[in-house]
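One structure is given below, encoded as structure tokens.
The values are calculated or read from the model by the stated rules, or taken from the named source; none is laboratory data. Source: prediction; values computed, not measured. Ideal geometry is used to build each Cβ from the backbone, glycine not excepted, and the neighbour counts take in all protein chains shown. These area figures cover heavy atoms from the full protein model, side chains too; ligands, DNA and RNA do not enter into them. Shrake-Rupley method; radii C 1.70, N 1.55, O 1.52, S 1.80 Å.
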Amino acid sequence: MAKRSTLFIRIVEGKNLPIKDITGSSDPYCIVKIDNEAIIRTATIWKTLSPFWGEEYTVHLPPYFRTVSFYVLDEDSLSRDDVIGKVSISKEVLTAKPQGVDGWMNLTEIDPDEEVQGEIHLQISVLGDGDIPRKLCCQVLEARDLAKKDRNGASDPFVRVRYNGKTYESAVVKKSCYPRWNESFEFELDETLADTGLLSVEVWDWDLVSRNDFLGKVLFNINKLQSAQQEEGWFRLGPDKSKHSEYEGTLGSLRLQLRLRDEVVLPSSHYKPLTELLSQSVGSQLNGNWPDFIMLIDETTTAESRQEVANNLVKLFLGQGLVKEFLDVLFKLELEKTTEPNTLFRSNSLASKSMESFLKVAGMQYLHRLLGPIINRIFEEKKYVELDPSKLELKEAGCAGLHRQQTESDIIQQSSSLLQSYLSELLTSILQSASYCPLLICQVFHQLDLRVQERFSDPEYRKVKFIAVTSFLCLRFISPAIMSPKLFHLREKHADARTSRTLLLLAKAVQTIGNMDTLACCSKEPWMVCLQPAIQQGITQLKNFITKLVSCHESEDLELQTRMSLQCGTMEKEGFLFLHRTKDKCMPMTSPFKKYYVTLSKDTLSYSRTQHSKKSSFISLPKIRAVEKVEEKCFGSANVMQIISSEDSGQQETLYLDCKSVNELNHWLSALRKACSHNTNTMSCYHPGIYKADRWSCCHQKEKSDPGCDKTRHGVTLQEWYDPLDPDLEAQLIYQHLRSVQHAMRDKYYKLREQQRDCFDLTDQKKVDGLSKLFSILQDLHDAHAAVEEEERSKNKNVFLELQT
């Protein structure tokens, strides 16, 4: 049984942000933190006080996380980025709104006394008995993950312990966020303060010149301590008492969409009946006799949940090897409802959403190979391109020569030539891509082609079979990726305003080709007429491509089929990174990092000096014991991670990877953590620093074999398109959806039973029997979850009783 939390995040936009630059504007971006750990950085939106991001993320979290925070900053190229404000939302708020949080939220000022993090290890006991005066003993052992307050990327922490007007201070541990003190402090216990007395343990950062910085505190009720006699453990540091911000409401606001979902995934055997029932509804044995559960799901799914349901169904049927059959059922359902060919697959139906999800899961590598070169070319050239006379800006275009300013006609002619060049390169790539398009995608489009020709067989509809394919391939896959390359992982950052306009015009041209109607486009936007010859040629080329694409399934070339096969459920990630490798935590060199091409496959992490090098080194994934971040002060970079593995000899080896950004860092962390999720010999704690000058830089311990000063964080991962399929999780999510629409399904069931009473029909009887079976399966799953919850409550009760004893 697996338990986890999933947080859906959509950072929509901001408004009324304060001016931070001398230009009278700002360059805002967002950092998302889970319990003070940065996991996401949005793109910077340049020169605006009302930025639009529209970025979506799915984050898998451990159930014990506390808050999610959104920090808005202004990017500066010459100085440190300015902090604008933040929005923090607790887990309790998200749990109280299962439907999700959606709305504008005011940014608040960032108070240093509230920006605390980390934990402190304490042992507190009440000593003495009988006639001997009792004493309160506080043993301060160590702390971990404290906030970094100094420019060197660390702090100089000390502890201040207060009780009954008396104060003690520990020694200062220099340059460490993982200090160890091992000091004890004793106070005379005042019996008169038994009910109201508090023991305060505060952590501060010592500064020689300026005032000390607050790092957090913990309060203890003395009355409870006397009952327990002793309390020991790690305690989370809390903020100082909250202060009312005078800037609240004046720092602007963020529009956020958040939804938290807690999942308890049962063992596979519990989901087998549901998976088999759904598989039978799309299998070849259907022949019109089995109850059509897919149609029932289609009819009872709301518009708000349709995309999520489509994602889950596509992944479940991919895992069962039945995605082609599932999509074929949806094609038939959609075609039966369509009377006007021009509207085919244009609505946000379950069929359209499922095909969209399928292309993203099955075709992302294909898309990267197809669009990567042209997208990179447009970003690198940064040419000014504009066809609409009402949007022309002569100063943006620059001069044609040394003294002559370009005219509008010059700019439009130059822009037309550039766009035709981009479009020609893209269409050539599309034509060539038929040879490497995944075989499964070819088979699905072949099935779609057959269904459309069956439904619209008249000669006047001969164009419909092409439009059906382009409505998915061009309008829902290629064009959106051209307009927003970052959202499809084609670029790390959003385009600037000039490049965005070029991408938009290119995407418009692709959409026009996909619609296969040049006249309609030119009538709406007459300034596109200069592209009409290129678009008309593109339509012919695209028809040839589709004809070739839908016939690829007939290829008997085994080598071609192997090259085109889809690697579903295989974790694959690759790219250039800077690496440094140590054995048993040896001291790094002065400049330790070298550039390598790193590849994460199903069983290994390999790296070589070039992408196609025959000589490479590798780490077996089952030998990896921890994948964690490294403190910024160690290498002067905040984006370094470490992979700790053990060799057959028992020797420990660490590989350091330096990433370009916080996003790249978290993508690699997530991919590796998920790939090693079933490893058994994992570490529970680790050193976030390096072993240098005969001691650990994080906690200053001298033994290399010291077990570690911080706990490992296996639970925080980002969901990616290349994630392995998880059939049990998808079945659980589908079960939850079916439970939510069970009332609507029961209404269908009662109507069918009434019809059976009036007039018996064998097909309707099978539908009634099938629905009865479905309700029985849902009830069994509900009972299994209830049993798990009861067992969890019983365990928690026993733990509580033990603590009381």
Selected residue (only one of Ile45, Ile40 is in a loop (DSSP other than H, G, I, E, B) and open to solvent by less than 50 Å² (accessible area, probe 1.4 Å)): Ile45
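Among the residues that make up region 205-218, is at least one of them of a type in the set (Val, Ile, Thr), modelled with pLDDT of 90 or more and open to solvent by less than 20 Å² (accessible area, probe 1.4 Å)? Full working, then the answer.
Pass one, region 205-218, residues of a type in the set (Val, Ile, Thr): 209, 218.
The next check asks that each one be modelled with pLDDT of 90 or more; those that pass are 218.
Imposing the further condition that a residue be open to solvent by less than 20 Å² (accessible area, probe 1.4 Å) reduces the set to 218.
Yes, the conditions are met somewhere in region 205-218.
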Residue within region 107-124 that is without any contact (Cβ under 8 Å) to a residue 60 or more places away in the chain and open to solvent by 70 Å² or more (accessible area, probe 1.4 Å) present: no
Failed item in (1) touching a His at 6+ places or on another chain (Cβ under 8 Å); (2) free of Cβ contacts under 8 Å to residues at least 12 places away in the same chain, with Leu718 passing the rest: (2)
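Could you pull out the residue among Glu115, Glu56 that is modelled with pLDDT under 90 and under 30 Å from Ala497 (Cβ atoms)? If you could, list the steps in order and put the result at the bottom.
Working: Glu115 fails: under 30 Å from Ala497 (Cβ atoms).
The unique qualifying residue is Glu56.
Mind checking which residues of region 420-477 are assigned to a helix (DSSP H, G or I), under 19 Å from Lys332 (Cα atoms) and of a type in the set (S, T, N, Q)?
To start, the set of residues in region 420-477 that are assigned to a helix (DSSP H, G or I) comprises 420-435, 439-455, 459-461, 464-477.
From what's left, under 19 Å from Lys332 (Cα atoms): 440-455, 461, 464-473.
Passing the criteria: Gln443, Gln447, Gln453, Thr470, Ser471.
Take Ser77 and decide whether it is hydroxyl-bearing (Ser, Thr, Tyr) and modelled with pLDDT of 90 or more.
Answer is no for this residue.
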Residues that are within 22 Å of Thr108 (Cβ to Cβ) and more than 14 Å from the chain's Cα centre (by Cα), drawn from region 51-72: Pro51, Phe52, Trp53, Phe65, Arg66, Thr67, Ser69, Phe70, Tyr71, Val72
One residue from Thr48, Thr42, Thr95 being out of contact with any Lys or Arg (no Cβ under 6 Å at 6 or more places or on another chain) and closer than 20 Å to Ala671 by Cα: Thr42
Residue within region 767-787 that is open to solvent by 70 Å² or more (accessible area, probe 1.4 Å) and free of Cβ contacts under 8 Å to residues at least 12 places away in the same chain present: yes
Residue that is in contact (Cβ under 8 Å) with a residue 12 or more places away in the chain, more than 30 Å from Leu504 (Cα to Cα) and either touching a Leu at 6+ places or on another chain (Cβ under 7 Å) or buried (at least 18 other Cβ atoms within 10 Å of the Cβ) (or both), where the choices are Arg455, Arg476: Arg455
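Go over the candidates Val83, Val72 one by one and state the one that is under 20 Å from Lys148 (Cα atoms), in contact with a Pro (Cβ under 6 Å, 6 or more places away or on another chain), of a type outside the set (Lys, Arg) and modelled with pLDDT of 90 or more. Even if it seems obvious, please write down each step before you answer.
Details: Val83 fails: in contact with a Pro (Cβ under 6 Å, 6 or more places away or on another chain).
Only one candidate qualifies: Val72.
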Residue within region 396-418 that is closer than 19 Å to Arg377 by Cα, at pLDDT below 80 and not β-branched (Val, Ile, Thr) present: yes
Members of region 362-381 found to be modelled with pLDDT of 90 or more and either open to solvent by 30 Å² or more (accessible area, probe 1.4 Å) or among the acidic types (Asp, Glu) (or both), listed by number: His368, Arg369, Pro373, Asn376, Arg377, Glu380, Glu381
Matching residues in region 677-731 - criterion: being surrounded by fewer than 14 Cβ atoms within 10 Å (Cβ to Cβ) and either among the β-branched types (Val, Ile, Thr) or closer than 17 Å to Lys633 by Cβ (or both): Thr680, Lys692, Ala693
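Going through region 48-100 one residue at a time, which ones are aromatic (Phe, Trp, Tyr) and part of a loop (DSSP other than H, G, I, E, B)? Quick ask: steps written out before the conclusion?
Applying the first criterion (aromatic (Phe, Trp, Tyr)) to region 48-100 yields 52-53, 57, 64-65, 70-71.
Passing the criteria: Tyr64, Phe65.
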